[in-house]
Amino acid sequence: MRILAIESSCDETSVSIVEHGTIVRSNVIASSRAAFEKTGGVIPEDAARRQVECILPVIHQSMDGIVASHEEIDAIAVTKGPGLLGSLLVGTVTARALAQIWNKPLIGVHHTLGHLSSTWLGTENTDTPIFPILTLSASGGHTDLWLRTSHTRGKLLGRTRDDAAGEAFDKGASMLGLPYPGGPAIGKTATDGDVNRYPFPSPLQKEHTLDFSFSGLKTALRYTIRDTAFDPLTASPNDLRDLAASFEHAICRHLCTRITQAIEEHPEIREVHVVGGVSANTRLRAMAREAAKDRTVRFPLAISYCTDNAAMIASAAQFTVDEHGDVAFDAFETTASLPLESAIH
Ligand code: KG4
Ligand code: ZN
């Protein structure tokens, strides 16, 4: 199928055309992130207003030169949740209108299933991933660990009990005087830093669990800043670099410990995939390769497939049709808080 997908769950408006779940014909992303640099985070009403401004031009741009008309599109897919309600509504209302006017089937996709599918994007000329797959999905809104036996089947092994990994990067960056979004800013600042200079705890170390917790790392950073009288305005570049590197390393170490644990508990795992905005992180990629031992490790093939994008939504829609048939076209509601478990069956 050739699917046109819309993703508008947060501060990105993205429209994509994908064939067979893997061949990305277009993936246009308009981000209002720069507008939130000063506020240090997304303001939901502003994000929704920007979605309204962007949605139609982004649809046009995504189709332009790729398809001659809507006749060449087989189905429409859209993120149904979770996310910011106003932003989600702009996407789903538009998708419903297009499906009605163009007479196309409509597929509502769980945002997380989109991230889980993102490692297939652009793989049409490479070897195909092999299930069972352990997928670590780490983003600004979620951090979870999945054991999948097919694209849409499997179980949730662990989830964050408080902040998401990306949120830890974003909040940490703000404490260090770095811009939003914090992940790329910390990644850049931390390059070549000494990861051992500032000690950070290992979260939930005493428990036998595959869950995550990042709030303790955030608190530890706050105490380190206080105890060392670190001031972002006057700090030496070396101190800033080493503190950013130590904090980044602690987040990555926590994520990667879970990869190693999950493989030990589930030796049938063939591959390890790391997806979501945080999977763009260079240090995480290196550490995940080590943590996965001899398993094949994959990340989304482009950085634009790590952070929110509509191509992954089209891919997830295709795999849902492949594995569940017409159920994929069932009516759905637009929901801000969709349970994580409902991402897969
Ligand atoms: O997947 P995404 O675009 O949106 C959500 O679904 O949340 O993820 C955004 C998150 C932000 O918290 C951002 O700081 C983080 O991903 N991020 C990174 C990097 N690029 C984006 N974190 C660490 N290193 C990066 N290079
Ligand atoms: Zn996301």
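The values are calculated or read from the model by the stated rules, or taken from the named source; none is laboratory data. Computed from a predicted model, the values in this text were never measured in an experiment. Positions of Cβ are generated from backbone atoms using ideal geometry, with glycine treated the same way; all protein chains shown enter the neighbour counts.
Restricting attention to the stretch 156-194, the residues that are out of contact with any Lys or Arg (no Cβ under 8 Å at 6 or more places or on another chain), among the hydrophobic types (A, V, I, L, M, F, W, C) and within 23 Å of Arg226 (Cα to Cα) add up to 7.
Looking at the stretch 159-211, which of its residues are assigned to a loop (DSSP other than H, G, I, E, B), among the charged types (D, E, K, R) and more than 16 Å from ligand 2 (Cβ to nearest atom)? Hits for the stretch 159-211 are Arg161, Asp162, Asp192, Asp194, Arg197, Lys206, Glu207, Asp211. Which pairs have Cβ atoms under 6 Å, sit 6 or more apart or on different chains, and link a residue in the stretch 204-227 that is on the phi > 0 side of the Ramachandran plot to one that is at pLDDT 95 or above? Close Cβ pairs satisfying both conditions: Leu204/Ser213.
Screening Ala291 against (1) more than 15 Å from ligand 2 (Cβ to nearest atom); (2) touching a residue at least 40 places away in the same chain (Cβ under 8 Å); (3) surrounded by 19 or more Cβ atoms within 10 Å (Cβ to Cβ) leaves a single unmet condition, (2). In the set (1) within 16 Å of ligand 1 (Cβ to nearest atom); (2) closer than 21 Å to Ile107 by Cα; (3) surrounded by fewer than 19 Cβ atoms within 10 Å (Cβ to Cβ), the condition left unmet by Ala311 is number (3). Would a scan of the stretch 269-288 turn up a residue that is charged (D, E, K, R), at pLDDT 95 or above, within 16 Å of ligand 1 (Cβ to nearest atom) and farther than 26 Å from Ala34 by Cα? No, the stretch 269-288 contains no residue that is charged (D, E, K, R), at pLDDT 95 or above, within 16 Å of ligand 1 (Cβ to nearest atom) and farther than 26 Å from Ala34 by Cα.
Remark: pairs (first residue in the stretch 303-326, within 16 Å of ligand 2 (Cβ to nearest atom); second residue acidic (Asp, Glu); Cβ separation under 7 Å; 6+ apart in sequence or on different chains) = Asp308/Glu7; Asp308/Glu12; Asn309/Glu7; Ala310/Glu7; Ile313/Glu7. Checked against the criterion of being more than 16 Å from ligand 1 (Cβ to nearest atom), over 27 Å from Gln51 (Cβ atoms) and assigned to a helix (DSSP H, G or I), the candidates Ile251, Ile263 yield just one match: Ile263.
Yes/no per residue for (1) on the phi < 0 side of the Ramachandran plot; (2) in contact with an Asp or Glu (Cβ under 8 Å, 6 or more places away or on another chain); (3) more than 16 Å from ligand 2 (Cβ to nearest atom); (4) in contact (Cβ under 8 Å) with a residue 60 or more places away in the chain:
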position: Glu7; (1), (2), (3), (4): yes, yes, no, yes
position: Thr22; (1), (2), (3), (4): yes, yes, yes, yes
position: Ala47; (1), (2), (3), (4): yes, yes, no, no
position: Arg50; (1), (2), (3), (4): yes, yes, yes, no
position: Cys54; (1), (2), (3), (4): yes, no, yes, no
position: Gln61; (1), (2), (3), (4): yes, no, yes, no
position: Ala68; (1), (2), (3), (4): yes, no, yes, no
position: Pro82; (1), (2), (3), (4): yes, no, no, yes
position: Gln100; (1), (2), (3), (4): yes, no, yes, no
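Screening the stretch 140-158 for residues that are part of a loop (DSSP other than H, G, I, E, B) and modelled with pLDDT of 95 or more and picking the one that is surrounded by the most Cβ atoms within 10 Å (Cβ to Cβ) gives His151.
Taken as a whole, the structure leaves Leu157 outside the set of residues that are farther than 30 Å from Gly41 by Cα and either within 16 Å of ligand 1 (Cβ to nearest atom) or aliphatic (A, V, I, L, M) (or both). The requirement of being surrounded by fewer than 22 Cβ atoms within 10 Å (Cβ to Cβ), within 25 Å of Ser117 (Cβ to Cβ) and out of contact with any strand residue (DSSP E or B) (no Cβ under 8 Å at 6 or more places or on another chain) is not satisfied by Val297.
Restricting attention to the stretch 291-345, the residues that are at positive phi and modelled with pLDDT of 95 or more add up to 1. Across the stretch 1-11, which residue is modelled with the lowest pLDDT among those that are buried (at least 24 other Cβ atoms within 10 Å of the Cβ) and of a type outside the set (Gly, Ala, Ser)? Among them, the one singled out is Asp11.
Scanning the stretch 1-55 for residues that are in contact with a helix residue (DSSP H, G or I) (Cβ under 8 Å, 6 or more places away or on another chain), within 14 Å of ligand 1 (Cβ to nearest atom) and under 23 Å from Pro300 (Cα atoms) returns Glu7, Ser8, Ser9, Cys10, Asp11, Glu12, Thr13, Ser14, Asn27, Ile29, Ala30, Ser32. There is no residue in the stretch 100-118 that is crowded, with 16+ Cβ neighbours inside 10 Å, away from ligand 1 (no atom under 14 Å from the Cβ) and within 13 Å of Ala311 (Cα to Cα).
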